[in-house]
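Asks: Have a look at the structure that comes next, please.
The values are calculated or read from the model by the stated rules, or taken from the named source; none is laboratory data. Bear in mind the structure is a predicted one, so any value in this text is a computation, not a measurement. Methodologically, a virtual Cβ is constructed for each residue, glycine included, from the backbone with ideal geometry; neighbour enumeration extends over all protein chains shown. When the accessible area is computed, the model is the full protein with side chains, heavy atoms only, and any ligands, DNA or RNA have been set aside. Shrake-Rupley method; radii C 1.70, N 1.55, O 1.52, S 1.80 Å.
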Amino acid sequence: MVRIKTSEEIEAMRPACQLAANTLVMIEAYIRPGISTDEINTIVHDYTIKHGATPAPLNYRGFPKSVCTSVNHVVCHGIPGPKKLNSGDIINVDVTSILNGWHGDTSKTFFVGEPRPRARKVTEVSRKALEIGIAAARPGATLGDIGHAIQSYVEAEKCSVVREYCGHGIGREFHEEPQVLHYGNPGEGMELKAGMVFTIEPMVNIGKAAVKLLGDGWTVVTRDKALSAQFEHTIALHEGGAEILTSATV
Ligand code: MF3
Ligand code: CO
Ligand code: CO
């Protein structure tokens, strides 16, 4: 069952969403060769607590850290650790904040130093895929319209869309219905309605779409070990169209 939010509830979600977005702005200054993903985790954790919020990933279904850090061929759910970033890496930082009982979820892929052409390409395609997905999200459209818009763009760019992980409804819970697939057919799937709040978060691979889960139970990597990139926003649907809730205010 999709939990439709009132305009008051959407207002109440704004601080959590803005804090998550502000966290990404804050962390960008630290993304450079030599920093470890553990250090990124500590900085995100402390910033979240300082702002009166809780990092949603910490202990979520056993996830051991406060943020997901996914480097190069890691698709999503990378666990922060001692490994240091190198120039030429790409890293997705996925922040989810809980503030006043509401969740805000957003992620961004950053360049570490100067990106090589394929890193730039997959990052740019994933950024634009999210933008195109948001543009397709409005009352009266369907989930399939969003998925189709994303998939057709990404494949026209000779990249691929990960199938196993998707966007999701969000609110008092981290992951609510509906599942928001990043592929699909126009007109198929649930009709979108004002008051729906969900994420769009296409994972785009420069190579093949296939992924595998590592033995730690979390880290998802591309099977062909080629680069993957992702951007995510939490959006709210109004009669007039989609609003990005995870916009920074700093
Ligand atoms: N933030 C991720 C998402 O976009 C979910 C991470 S679950 C975690 O849905 F446990 F790994 F944090
Ligand atoms: Co999400
Ligand atoms: Co996320």
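Asks: Quick check on my filter: what residues within region 140-159 are open to solvent by less than 30 Å² (accessible area, probe 1.4 Å) and touching a helix residue (DSSP H, G or I) at 6+ places or on another chain (Cβ under 7 Å)? Lay out the reasoning, then the answer.
Replies: Step one: list which residues in region 140-159 are open to solvent by less than 30 Å² (accessible area, probe 1.4 Å), which gives 141-144, 146-147, 149-150, 154, 159.
146, 149, 150, 154, 159 - these are the residues of region 140-159 that are open to solvent by less than 30 Å² (accessible area, probe 1.4 Å) and touching a helix residue (DSSP H, G or I) at 6+ places or on another chain (Cβ under 7 Å).
Asks: Six or more apart or on different chains, Cβ under 9 Å: which pairs go from a residue in region 95-106 that's within 13 Å of ligand 3 (Cβ to nearest atom) to one that's acidic (Asp, Glu) and not in a strand (DSSP E or B)? Could you list them?
Replies: That search, which allows pairs on different chains as well, returns 103/173; 105/201; 106/201.
Asks: For residue 14, state whether it is among the basic types (Lys, Arg), part of a loop (DSSP other than H, G, I, E, B) and either within 29 Å of residue 178 (Cβ to Cβ) or touching a residue at least 12 places away in the same chain (Cβ under 8 Å) (or both).
Replies: Details: among the basic types (Lys, Arg): yes; part of a loop (DSSP other than H, G, I, E, B): no; either within 29 Å of residue 178 (Cβ to Cβ) or touching a residue at least 12 places away in the same chain (Cβ under 8 Å) (or both): yes.
The answer is no for residue 14.
Asks: Here's a follow-up. Checking residue 58 against (1) touching a helix residue (DSSP H, G or I) at 6+ places or on another chain (Cβ under 6 Å); (2) of a type outside the set (Gly, Ala, Ser); (3) within 14 Å of ligand 3 (Cβ to nearest atom), only one condition comes out false. Which one?
Replies: Residue 58 satisfies all of (1) touching a helix residue (DSSP H, G or I) at 6+ places or on another chain (Cβ under 6 Å); (2) of a type outside the set (Gly, Ala, Ser); (3) within 14 Å of ligand 3 (Cβ to nearest atom) except (1).
Asks: Considering each of 229, 209, 137, 194 in turn, give the residue that is open to solvent by less than 60 Å² (accessible area, probe 1.4 Å), modelled with pLDDT of 95 or more and part of a strand (DSSP E or B). Before the answer, list the steps.
Replies: Numbers: 209 fails: part of a strand (DSSP E or B); 137 fails: part of a strand (DSSP E or B); 194 fails: part of a strand (DSSP E or B).
Result of the check over 229, 209, 137, 194: 229.
Asks: Hey, could you check region 70-84 for residues that are within 16 Å of ligand 1 (Cβ to nearest atom) and not in a strand (DSSP E or B) and say which is surrounded by the fewest Cβ atoms within 10 Å (Cβ to Cβ)? Reasoning before the result, please.
Replies: Step one: of region 70-84, the residues within 16 Å of ligand 1 (Cβ to nearest atom) are 70-71, 74-81.
Now narrow it down to the ones that are not in a strand (DSSP E or B): 77-81.
Values: 77: 21, 78: 26, 79: 21, 80: 22, 81: 15.
Filtering first and then ranking leaves 81.
Asks: Kindly provide the set of residues from region 93-122 that are among the charged types (D, E, K, R) and open to solvent by less than 40 Å² (accessible area, probe 1.4 Å), ordered by number. So that I can check it myself, show each step before the final result.
Replies: The initial filter retains those residues of region 93-122 that are among the charged types (D, E, K, R), namely 94, 105, 108, 114, 116, 118, 120-121.
If the condition is that a residue be among the charged types (D, E, K, R) and open to solvent by less than 40 Å² (accessible area, probe 1.4 Å), then 94, 105 are the ones that fit.
Asks: Here's something else I'd like to know. Since residue 97 meets every condition but one in (1) touching a His at 6+ places or on another chain (Cβ under 9 Å); (2) hydroxyl-bearing (Ser, Thr, Tyr); (3) not in a strand (DSSP E or B), which condition does it not meet?
Replies: The number of the failed condition is (3).
Asks: Can you find a residue in region 164-171 that is more than 12 Å from the chain's Cα centre (by Cα), within 17 Å of residue 141 (Cα to Cα) and either among the basic types (Lys, Arg) or not in a strand (DSSP E or B) (or both)? Lay out the reasoning, then the answer.
Replies: Here is the first cut: in region 164-171, the residues more than 12 Å from the chain's Cα centre (by Cα) are 164, 169-171.
Filter once more, so that each one left must be within 17 Å of residue 141 (Cα to Cα): 169.
With the extra rule that they be either among the basic types (Lys, Arg) or not in a strand (DSSP E or B) (or both), the set shrinks to none.
No - not one qualifying residue is present in region 164-171.
Asks: Scan region 2-58 residue by residue and report those that are open to solvent by less than 30 Å² (accessible area, probe 1.4 Å) and of a type in the set (Lys, Arg).
Replies: Selection gives 5 alone.
Asks: Also: On the basis of being within 16 Å of the chain's Cα centre (by Cα), within 15 Å of residue 231 (Cβ to Cβ) and either of a type outside the set (Lys, Arg) or surrounded by fewer than 21 Cβ atoms within 10 Å (Cβ to Cβ) (or both), does residue 126 make the cut?
Replies: Numbers: within 16 Å of the chain's Cα centre (by Cα): yes; within 15 Å of residue 231 (Cβ to Cβ): yes; either of a type outside the set (Lys, Arg) or surrounded by fewer than 21 Cβ atoms within 10 Å (Cβ to Cβ) (or both): yes.
Judged against the criteria, residue 126 is a match.
Asks: Something else now. Going by what's in this entry, would residue 173 be described as out of contact with any Cys (no Cβ under 9 Å at 6 or more places or on another chain) and either within 13 Å of ligand 1 (Cβ to nearest atom) or within 19 Å of residue 32 (Cα to Cα) (or both)?
Replies: Answer is yes for this residue.
Asks: Do you know which of the residues in region 182-206 that are within 13 Å of ligand 2 (Cβ to nearest atom) and of a type in the set (A, V, I, L, M) is farthest from residue 6 (Cα to Cα)?
Replies: Filtering region 182-206 down to residues within 13 Å of ligand 2 (Cβ to nearest atom) leaves 182, 197-203.
Those left that are additionally of a type in the set (A, V, I, L, M): 197, 200, 203.
Working: 197: 10, 200: 20, 203: 30 Å.
Looking at the filtered set, the residue picked out is 203.
Asks: Can I ask one more? In this structure, does residue 87 turn out to be closer than 21 Å to residue 124 by Cβ, in a loop (DSSP other than H, G, I, E, B) and of a type outside the set (A, V, I, L, M, F, W, C)?
Replies: On the way: closer than 21 Å to residue 124 by Cβ: yes; in a loop (DSSP other than H, G, I, E, B): yes; of a type outside the set (A, V, I, L, M, F, W, C): yes.
Yes; evaluated as a whole, the condition is true for this residue.
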